[in-house]
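The values are calculated or read from the model by the stated rules, or taken from the named source; none is laboratory data. Values in this document were obtained by computation on a predicted structure and should not be read as measured data. Every residue, glycine as well, gets a Cβ built from its backbone with ideal geometry; the counts of neighbours run over all protein chains shown.
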Amino acid sequence: MRHQKAGRKFGRNPAQRKALLRQLAISMILHERITTTEAKAKTIRPVVEKLVTLARQDSDYHRRLIMSKIDHPLATAKLFDVIAPRYEGTPGGYTRISKLGPRRGDAAPMALIEFVE
């Protein structure tokens with residue numbers, strides 16, 4: 001039984017799962033919206049929102065902290081210069097998940113995750 005085993009595994013080992021979440025976060029920051037499965041969208045939402053919350057305070061410490069988490073200089077720069085200033089006075093809720101319906105190939109439930117304007 002899997003009682004009290006929180007979190008989604010996506011059929012991957014921990015290193016692959018960490019890499020998946022990092023790449024989804026980078027794509028989300030660079031493109032500002034991505035289409036993925038509902039489970040991945042629900043899992044990536046808190047990751048991206050925590051990065052935006054950190055980026056709202058622009059300091060060397062926060063830049064290094066975010067670089068240690070996503071390791072992508074372009075995404076880090078865009079997060080600090082473009083995305084974080086939008087949400088200066090907002091206490092949270094930077095993303096929106098919209099359900100799209102089943103995927104054609106395997107009928108997986110799809111969703112669009114994007115930053116709220």
Could you pull out the residue among 75, 84 that is farther than 19 Å from residue 41 by Cα, modelled with pLDDT of 95 or more, assigned to a helix (DSSP H, G or I) and not β-branched (Val, Ile, Thr)?
84
Among 41, 25, 15, 6, which is among the small types (Gly, Ala, Ser), over 16 Å from the mean Cα position of the chain (by Cα) and part of a helix (DSSP H, G or I)?
15
For a quick check of your reading of the model, give me the residue pairs whose first member lies in the stretch 96-109 and is closer than 9 Å to residue 38 by Cβ, whose second is part of a strand (DSSP E or B) and β-branched (Val, Ile, Thr), with beta-carbon atoms closer than 6 Å and at least 6 apart or on different chains.
97/113; 108/37
For the stretch 66-80, indicate whether the set of residues that are in contact with a Gly (Cβ under 9 Å, 6 or more places away or on another chain) and either among the β-branched types (Val, Ile, Thr) or surrounded by 17 or more Cβ atoms within 10 Å (Cβ to Cβ) (or both) is non-empty.
no
If I filter the stretch 70-117 down to residues being in contact with a Lys or Arg (Cβ under 7 Å, 6 or more places away or on another chain) and among the small types (Gly, Ala, Ser), which single residue comes out as nearest to residue 17 (Cα to Cα)?
111
Subset of the stretch 9-26, residues surrounded by fewer than 16 Cβ atoms within 10 Å (Cβ to Cβ) and closer than 26 Å to residue 87 by Cβ, comes to 18, 20, 23
Filter the stretch 59-84 for residues that are without any contact (Cβ under 8 Å) to a residue 12 or more places away in the chain and under 15 Å from residue 32 (Cα atoms) and give the result.
77, 81, 82
